[in-house]
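Peer 1: I am attaching a structure below and will ask some questions about it afterwards.
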Amino acid sequence: MEKRALLYEGKAKMVYQVDDPDLCLIYFKDSATAFNALKKGEIAEKGAMNNAISAHFFALLAKEGVESHFIRSLSQREMLVRRLEIIKIEVVVRNIVAGSLAKRLGWPEGVVLAEPVIEHYYKDDSLGDPLLNDDHLRVLNLATAAELATITRLSKQVNAVLKHYLETKNILLVDFKLEFGRCLGKIILGDEISPDTCRFWDATTKEKLDKDRFRRDLGQVAEAYREILERLQGGQNSVQG
């Protein structure tokens, strides 16, 4: 597979053309950002770990009937994917109160929600990815009603599959972000699923095993990412921070 022109560079990934126009190559970077890129840094080997973690989750979801853009890993930091028309909606699924939800509701982090909460955000870095309500979604016309229904159904399915699976690894799936795109008339899952886009807590100690360690200057950021990967691959340790 021949890597060609750079199509897009984001905060954590680079997307390249390949010799098949229906496919793309994603390169995962070590760069880390937070607070709409106001905080920047590097996390050692983050790109390689996120590539492996995302591939693991996409393969798991495929077995459960959730289609994604993922085709296969090409190298330690590169993934071959189907080319999507990305829908400019970021979907956040929340199982436990944390982050911005704690601030908005005035609730302490760690409160388990009675049911999963699904939020939509406008995918636009220049605007800070603002929260959208149902009226905003209709006015912006980012997706049809049928597409939104599919996105919601798939988001709930992803949550159910990952939450159950991670419980077997002694990990709490606190919340996570998903992105979707159009491909040959279907809505399928895109982007990545990693400690960059999810909040993972150790189920016993409630230790944070995700990018919050970078956001909040907790230290041992790379170690937390590595632990997630090791647990997915069968290991079970605990980061102390």
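Peer 1: Could you tell me which helices of the chain pass both thresholds, a Cα extent of 27 Å or more along their own axis and a mean Kyte-Doolittle hydropathy of at least -1.0, with helices taken as whole DSSP H runs? Intermediate values should be presented prior to the final figure.
Peer 2: On the way: long enough: 145-167 (33 Å, 0.10).
Those that clear 27 Å and a mean of -1.0 are 145-167.
Peer 1: With charges set only on the Cβ (+1 for Lys and Arg, -1 for Asp and Glu), what does the dipole of the chain come to about its Cα centre, in debye to the nearest 20? Provide the component values of the computation, followed by the final result.
Peer 2: On the way: 35 positive and 36 negative charges, 31 e Å.
So the magnitude is around 140 debye.
Peer 1: What aspartates and glutamates sit close enough to Lys208 to cross-link, taking a C-alpha to C-alpha distance under 18 Å and skipping anything fewer than 8 places away on the same chain?
Peer 2: Here the aspartates and glutamates satisfying the reach criterion relative to Lys208 are Glu109, Glu167, Asp175, Asp196, Asp217, Glu223, Glu227, Glu230.
Peer 1: Classify region 1-77 as rounded, prolate or oblate from the Cα gyration tensor: take a ≥ b ≥ c as the square roots of its eigenvalues, call it rounded if a/c is under 1.5, otherwise prolate when a/b beats b/c and oblate if not. Intermediate results must be reported in sequence, preceding the final value.
Peer 2: On the way: a/c = 1.95, a/b = 1.26, b/c = 1.55.
It comes out oblate by the Cα gyration axes.
Peer 1: Over all directions, average the projected area of the Cα convex hull of region 85-223 and note it in nm².
Peer 2: Spelled out: convex hull of the Cα atoms, projected over all directions, averaged, 9.4 nm².
Peer 1: Which of Phe214, Gly185, Leu154 sits farthest toward the positive end of the charge dipole of region 85-223, with +1 on the Cβ of Lys and Arg and -1 on the Cβ of Asp and Glu?
Peer 2: Most positive-ward Cα: Leu154.
Peer 1: Spelling out what I want: for every residue of region 185-202, take phi, set θ = phi - 60°, compute 6.51 cos²θ - 1.76 cosθ + 1.60 (Karplus), and round to whole Hz; glycine and proline get x.
Peer 2: x, 10, 9, 10, 6, x, 6, 9, 10, 7, x, 6, 10, 10, 9, 10, 10, 4
Peer 1: Still on this model: To the nearest 20 debye, what charge dipole does region 3-82 have about its Cα centre, counting +1 at the Cβ of each Lys and Arg and -1 at the Cβ of each Asp and Glu?
Peer 2: Details: 12 positive and 10 negative charges, 54 e Å.
With Lys and Arg at +1 and Asp and Glu at -1, about 260 debye.
Peer 1: What does the chain give for Rg and for Dmax, in Å, if only its C-alpha atoms count?
Peer 2: 17.2, 51
Peer 1: Which residues' amide hydrogens lie under 5 Å from the amide hydrogen of Ile171, considering only partners 5 or more residues apart or on another chain, with H built in the peptide plane?
Peer 2: Correct list: Ala203.
Peer 1: Just list whichever of Lys29/Lys123; Lys39/Lys63; Lys123/Lys206; Lys3/Lys163; Lys88/Lys186; Lys88/Lys169 have alpha carbons separated by over 26 Å in the model shown. Working shown, then result.
Peer 2: Details: Lys29/Lys123 20 Å; Lys39/Lys63 37 Å; Lys123/Lys206 30 Å; Lys3/Lys163 35 Å; Lys88/Lys186 16 Å; Lys88/Lys169 32 Å.
Over 26 Å apart, Cα to Cα: Lys39/Lys63; Lys123/Lys206; Lys3/Lys163; Lys88/Lys169.
Peer 1: Let me ask something additional. Near the amide H of Ile89, under 5 Å away, which other amide H atoms are found, from residues 5 or more places off or on another chain, if H is placed in the peptide plane?
Peer 2: Lys123, Phe180
The numbers here are math on the coordinates, done by the rules we state, and not lab data. It should be emphasised that the depicted structure is a prediction, and the values quoted were computed from it without experimental measurement. Positions of Cβ are generated from backbone atoms using ideal geometry, with glycine treated the same way; all protein chains shown enter the neighbour counts.
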